[in-house]
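The structure appears right after this line, and notes come after that.
The values are calculated or read from the model by the stated rules, or taken from the named source; none is laboratory data. Given the structure is predicted, the values throughout are model-derived calculations rather than measurements. We place every Cβ from the backbone using ideal geometry, glycine too, and count neighbours over all the protein chains shown. Protein only, heavy atoms only, side chains kept; ligands, DNA and RNA dropped before computing areas. Shrake-Rupley method; radii C 1.70, N 1.55, O 1.52, S 1.80 Å.
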Amino acid sequence: MRSKWMLSGISTVLALAILMPSAANADKLSELEQKQQEAQQQKNELASDISKKTEKMSENASKLEKLIAKIEDLNRKMDETTAKIDSVQADIDYTKTEIDGLKKSIEELELKIEEREALLEERARAIQKSGGSVDYVDVLLGANNFVDFIDRFSAVNTLIEADREIMREQAADEKLLAVHQAQVETKLAEQEQRRAELVGLNDKLNGQKEEQAGFAEELKAEQKLLAKEKSELVQQRNEAIDVSSKLEKQIEEEQNRLAELARKVEAERQRKLAAERKAAAEKVRASNSSASSYTAPAKVSSSGFVTPASGRYTSTFGWRNIGDGPEFHQGVDIANSVGTNIKAAANGYVSFSGSMGGYGNVVILTHSINGQTHATVYAHLNSIDVSAGQQVSQGQRIGGMGNTGRSTGSHLHFEIHVGPWNGARTNAVNPASFVSL
């Protein structure tokens with residue numbers, strides 16, 4: 001009889017040993033999850049680089065838009081300057097026509113001056129031939145009678161007035177000639193100067209336009225390079241996402257394997273528990289002892305889970321906004337002091353133990369509850385007391401409460417998943433439906 005009990009015990013131990021996950025499998029899961037974290041980090045870095053490239057392209061597009069607007073403004077100014085140059089050139093051409101007409105007038109005026117000068121010279125020669133200047137008094141005194149005197153006086157006055165008129169016209173024409181020449185020369189000089197200034201301005205504007213066009217070409221080249229680099233980053237990001245998905249699938253398969261082990265171990269535990277209860281009941285009946293002396297095993301809640309930590313229930317499952325915009329909270333938060341005991345909500349295996357992005361220090365357990373795989377998550381821990389692949393019992397301490405990762409105070413972020421945990425957490429359920437909070 002004793003040999004039979006020993007054989008049964010040995011068989012049970014061997015069965016449990018076969019069902020227990022090996023250290024190699026635990027290391028494999030931990031390695032896969034580490035690779036997933038690295039892939040996620042790479043994806044985040046690529047997304048950040050893509051965002052920076054997009055922002056730089058947007059800045060360049062804005063600069064390019066301003067440059068094009070400036071070039072268009074320079075083109076407009078150049079058109080206006082060219083129109084002014086054409087207008088001044090038209091004025092210059094008109095002034096030159098005026099000058100041509102004035103030259104003809106000047107030639108006629110110069111001819112008149114020459115004729116008067118010839119007349120005056122002729123009169124001077126006549127006076128010299130007569131022996132000196134004409135004595136108009138002798139002319140008057142030589143009159144034969146009063147009527148002859150009047151005639152001689154009228155003739156003398158006419159001659160004198162004629163000489164004076166000639167001198168006045170000569171002086172006026174010479175003055176007019178000088179004024180006309182000065183006016184035309186000044187007008188032409190001003191117009192030529194204005195035209196030179198406008199041509200200089202147009203050359204300056206053209207230089208600015210060429211400079212801006214050079215900047216624009218450089219920006220276009222940079223935009224083309226940024227677009228190429230962004231495209232390459234997007235391709236790398238897509239590849240990283242693909243790798244992450246593959247790793248996540250491998251992790252899920254590993255969790256399924258652990259879940260199957262947990263299911264078998266749980267089934268074996270339930271079988272042993274039933275056998276122990278049956279043996280105890282038979283022993284009670286055999287010894288005729290009172291029922292009050294029998295102590296039944298502790299019952300687990302109907303859901304199979306217990307509350308993982310004591311503290312204040314601070315955040316519910318569902319939509320919330322903690323300052324970064326609306327987000328879906330996949331679990332519940334329980335706040336307490338740093339180091340508060342964090343307990344396993346059910347029997348199971350540690351499928352992950354370590355740091356994981358926004359989770360901070362996190363432990364993920366895989367369970368089999370009534371034949372259904374579940375996963376529980378314990379995030380933002382200050383300390384971790386278990387390792388990947390380790391078997392844990394319900395109520396066992398797995399770590400201490402903390403404030404690591406994306407956290408605003410010491411608390412436990414607790415999740416329950418129906419099925420294995422996945423990166424997208426698509427199977428998260430409200431823990432309030434499973435444990436008392």
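Numbers below:
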{"quantity": "Placed amide H near Ile384: partners under 5 Å, 5+ positions off or other chain", "calculated": "Gly400"}
{"quantity": "Distance violations [Cα-Cα > 22 Å] among Lys84/Lys220; Lys228/Lys249; Lys53/Lys224; Lys103/Lys175; Lys70/Lys220; Lys52/Lys224", "calculated": "Lys84/Lys220; Lys228/Lys249"}
{"quantity": "Built amide H within the under 5 Å cut-off of Thr307, gap 5+", "calculated": "Ser436"}
{"quantity": "Extension gain, Lys228 back to Asn256 (0.36 nm per residue minus Cα-Cα distance, nm)", "calculated": "5.9 nm"}
{"quantity": "Label-point separation in nm, Ser48 to Ser105, each point 7 Å along Cα→Cβ", "calculated": "8.4"}
{"quantity": "Sulfur and carbon atoms: percent of accessible area, segment 358-437 [1.4 Å]", "calculated": "42"}
{"quantity": "Local electrostatic count at Ser393 - Lys and Arg +1, Asp and Glu -1, tallied over other residues with Cβ under 11 Å", "calculated": "+3"}
{"quantity": "Integer Hz, Karplus 6.51/-1.76/1.60 couplings in order for segment 230-235, x for Gly and Pro", "calculated": "5, 4, 5, 5, 4, 5"}
{"quantity": "Under 5 Å, built H, 5+ apart or other chain: amide partners of Ile369", "calculated": "His374"}
{"quantity": "3J(HN,Hα) from dihedral phi, segment 269-282, Karplus parametrisation 6.51/-1.76/1.60, rounded to Hz, x for glycine, proline", "calculated": "5, 5, 5, 5, 5, 5, 5, 5, 5, 5, 5, 5, 5, 5"}
{"quantity": "In order through segment 210-224: 3J(HN,Hα) via Karplus (6.51 cos²θ - 1.76 cosθ + 1.60), integer Hz, x for Gly, Pro", "calculated": "5, 5, 5, 5, x, 4, 4, 5, 4, 5, 4, 5, 5, 4, 5"}
